Amino acid sequence: MATGLRRLSVLDWIRFGLLAAGLVFVATGLLPAEEARDSIERIAPLLLFLGAVIVLAELTKEAQVFDVIATRIAIVGRGSYAVLFLFCTAFASLVTIVLNLDTTAVLLTPVMLALAPRAKIAPLPLVMTTVWLANTASLLLPVSNLTNLLAMNRVALTTQEFAARMWAPQAASIAVTMAFLWAFYWRRGERGEDRYVPPPPVPVADRVLFGVAGVACLLFIAAILAGVEIGVAALVAAVAVVAAFAWRDRAKLVWSLIPWRLLVFVTGLFLVVPTLSRLGLADVMRALVGVGGDGDGAYRAAAAGAALSNVLNNLPAYVAGEQVIPAANHTQLLSLLAGTNLGPVITPWGSLATLLWFEWCRRGDVRVPLAKFVATGAGLAVTGLAATVTVLILTA
């Protein structure tokens with residue numbers, strides 16, 4: 001047991017501390033038991049989805065699906081950085097949209113780090129693509145971000161209705177992100193080379209696992225677009241891939257596949273934030289957000305969500321903002337969502353995805369210039385949010 005405790009990181013202790021604080025708040029009455037129960041009941045389906053989709057994504061990576069796609073993209077690019085840029089941004093956006101932003105940060109980042117030396121590509125442009133698009137491409141579908149699931153329930157939209165409402169703002173967000181990526185990380189003066197060397201194809205170790213994982217992901221996407229409940233769709237897809245690994249490579253089925261750290265963090269968060277709201281956070285957010293539903297109120301909500309995300313984290317920022325926005329103010333609420341999804345690109349702790357991404361960069365010995373990260377992230381957050389919220393208002 002002592003060995004297990006020593007393996008816990010600082011972030012793990014913070015997660016357990018957050019859950020412990022939430023339980024103390026409930027035990028002492030600072031958070032009424034009924035309100036705590038409502039909060040947990042609200043996130044229970046989301047926890048099922050999170051657990052299932054991350055198991056699905058982890059095993060899909062083990063089946064080499066991401067490696068094969070990333071390498072194929074580099075091969076098709078034929079040494080052209082412009083073509084590679086377009087394919088990489090499309091791939092990172094697609095993974096974020098259909099498999100969740102944490103998948104892009106946690107699983108696609110190491111794939112890009114492995115691709116960089118094979119093709120003699122500077123790693124920083126590749127990994128900046130994953131971290132920025134993990135955040136800014138997470139608006140289109142409910143599965144793209146946990147905050148989307150919360151917002152969809154609040155405004156009572158189906159998956160198709162949510163996508164129809166958010167496709168234009170999402171397109172604006174991705175376009176601005178691509179412009180910033182090219183200007184500050186991908187252009188010739190930043191990357192340092194005219195062309196890259198296309199890598200050889202990745203040999204697939206087990207074509208059965210590769211095929212099952214690929215088909216399961218496609219069916220998962222089709223199911224959520226068809227309106228199947230996302231937790232059920234994720235669970236069925238994950239069970240299919242787990243069954244394939246139980247048959248072909250049981251050694252990969254380890255308990256660490258279950259994202260207990262994320263589940264502990266989210267549960268604690270949904271006990272602590274309502275308590276803080278009762279103790280004054282709601283008044284602060286109400287003053288920042290204002291009472292207008294459109295126009296000025298939408299921009300204020302987006303700015304408040306982005307600012308609080310970079311001070312704390314995007315999940316508590318969204319939850320705190322949601323509690324003070326009237327249920328009828330759909331555009332204002334979706335603007336808050338844009339602020340908490342696009343905004344956390346300034347500080348390393350702005351979103352869980354960014355935190356996890358920094359850890360992968362540290363493991364891969366990639367030096368991220370922090371001053372440049374903060375400065376370019378601030379420019380992206382301001383410009384991207386202005387464009388995205390403007391489109392959101394115009395298409396209301």
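Rundown of residues vs (1) surrounded by fewer than 21 Cβ atoms within 10 Å (Cβ to Cβ); (2) among the basic types (Lys, Arg); (3) within 17 Å of the chain's Cα centre (by Cα), yes/no style:
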position	(1), (2), (3)
32	yes, no, no
36	yes, no, no
47	yes, no, yes
51	yes, no, yes
55	no, no, yes
59	no, no, no
70	no, no, no
76	yes, no, no
83	yes, no, no
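Using the structure shown, decide if residue 202 is assigned to a loop (DSSP other than H, G, I, E, B), hydrophobic (A, V, I, L, M, F, W, C) and touching a helix residue (DSSP H, G or I) at 6+ places or on another chain (Cβ under 7 Å).
Values: assigned to a loop (DSSP other than H, G, I, E, B): yes; hydrophobic (A, V, I, L, M, F, W, C): yes; touching a helix residue (DSSP H, G or I) at 6+ places or on another chain (Cβ under 7 Å): yes.
Against the criterion (assigned to a loop (DSSP other than H, G, I, E, B), hydrophobic (A, V, I, L, M, F, W, C) and touching a helix residue (DSSP H, G or I) at 6+ places or on another chain (Cβ under 7 Å)), residue 202 qualifies.
Restricting the first residue to region 214-232 and requiring it to be free of Cβ contacts under 8 Å to residues at least 24 places away in the same chain, which pairs with a second residue that is crowded, with 18+ Cβ neighbours inside 10 Å and part of a helix (DSSP H, G or I) meet a Cβ separation below 6 Å and a spacing of at least six or different chains?
Final answer for the pair search is 223/233.
Let me spell it out: the conditions are (1) of a type outside the set (Gly, Ala, Ser); (2) more than 26 Å from residue 181 (Cα to Cα); (3) out of contact with any Gly (no Cβ under 7 Å at 6 or more places or on another chain), and residue 347 meets all of them except one. Which number is the exception?
All conditions are met except number (2).
Of all residues in region 113-137, count the ones that are more than 19 Å from residue 192 (Cα to Cα) and free of Cβ contacts under 8 Å to residues at least 40 places away in the same chain.
Final tally of qualifying residues: 0.
Residues that are closer than 27 Å to residue 252 by Cα and assigned to a helix (DSSP H, G or I): does region 164-176 have at least one? Spell out the reasoning first.
Step one: list which residues in region 164-176 are closer than 27 Å to residue 252 by Cα, which gives none.
No; the residues of region 164-176 include none that is closer than 27 Å to residue 252 by Cα and assigned to a helix (DSSP H, G or I).
Could you give every pair whose Cβ atoms fall below 8 Å, whose first residue belongs to region 64-75 and is on the phi > 0 side of the Ramachandran plot, and whose second residue is not in a helix (DSSP H, G or I), counting only separations of at least 6 or pairs across chains?
Pairs found: 64/202; 64/204; 64/205.
With the requirement that a residue be touching a Pro at 6+ places or on another chain (Cβ under 9 Å), small (Gly, Ala, Ser) and part of a helix (DSSP H, G or I), what does region 344-376 give you?
Residue satisfying the conditions is 353 alone.
If you go through region 118-126 one residue at a time, do you hit one that is in a helix (DSSP H, G or I), at pLDDT 85 or above and crowded, with 22+ Cβ neighbours inside 10 Å?
Checked against the condition, which is being in a helix (DSSP H, G or I), at pLDDT 85 or above and crowded, with 22+ Cβ neighbours inside 10 Å, region 118-126 yields at least one hit.
The values are calculated or read from the model by the stated rules, or taken from the named source; none is laboratory data. Keep in mind that what you see is a predicted model, and the values were worked out from it rather than measured. Glycine gets a Cβ as well: all are built from the backbone with ideal geometry, and neighbour counts include every protein chain shown.
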